[in-house]
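To start, the structure itself, in structure tokens.
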Amino acid sequence: MLKNAEATAERIRENAEKAAAETVKRREVQASAKIKTAEAAMVKELQERAANLAIATATEIITSKLDEKASLELVDTAVGEIEKLN
């Protein structure tokens, strides 16, 4: 009877260890997925900020360098390029 109880206790211990190991592995996978998602979101946000900064900088440079005549010439050139596409 004692040997039977010891064997049962050993099986319970082994099952508990296996379940704990599986839980740890599952949580590691979940944590890894969350980290990858957060990294991707951060990269996307940085790309958006960089693009917005580049646009703002280009706008500032263009508006500070162009007078009315040059601005109209630039618009005419752009319109001509658009017409070529059609």
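The values are calculated or read from the model by the stated rules, or taken from the named source; none is laboratory data. Just so you know, these numbers come straight off a predicted model, no measurement behind them. All Cβ positions, glycine included, derive from the backbone under ideal geometry; neighbour counts span all protein chains shown.
Which residue out of Glu45, Glu10, Glu28 is modelled with pLDDT under 95, surrounded by 10 or more Cβ atoms within 10 Å (Cβ to Cβ), of a type outside the set (Gly, Ala, Ser) and out of contact with any Gly (no Cβ under 6 Å at 6 or more places or on another chain)?
Numbers: Glu45 fails: modelled with pLDDT under 95; Glu28 fails: modelled with pLDDT under 95.
Just one listed residue meets the conditions, Glu10.
Can you pull out the residues in segment 27-85 that are under 22 Å from the mean Cα position of the chain (by Cα) and among the charged types (D, E, K, R)? Spell out how you get there, then give the answer.
Going through segment 27-85, the residues under 22 Å from the mean Cα position of the chain (by Cα) turn out to be 27-55.
Within segment 27-85, Arg27, Glu28, Lys34, Lys36, Glu39, Lys44, Glu45, Glu48, Arg49 qualify.
Please enumerate the residues belonging to segment 59-74 that are surrounded by 10 or more Cβ atoms within 10 Å (Cβ to Cβ) and part of a helix (DSSP H, G or I). Steps first, answer last, please.
Kept after step one, since they are surrounded by 10 or more Cβ atoms within 10 Å (Cβ to Cβ), are these residues of segment 59-74: 59-62, 66, 70-74.
Thr59, Glu60, Ile61, Ile62, Ala70, Ser71, Leu72, Glu73, Leu74 - these are the residues of segment 59-74 that are surrounded by 10 or more Cβ atoms within 10 Å (Cβ to Cβ) and part of a helix (DSSP H, G or I).
What pairs come out if I take residues in segment 17-37 that are in contact (Cβ under 8 Å) with a residue 60 or more places away in the chain and pair them with residues that are surrounded by fewer than 10 Cβ atoms within 10 Å (Cβ to Cβ) and part of a helix (DSSP H, G or I) whose C-beta lies under 6 Å away, six or more apart or interchain?
none
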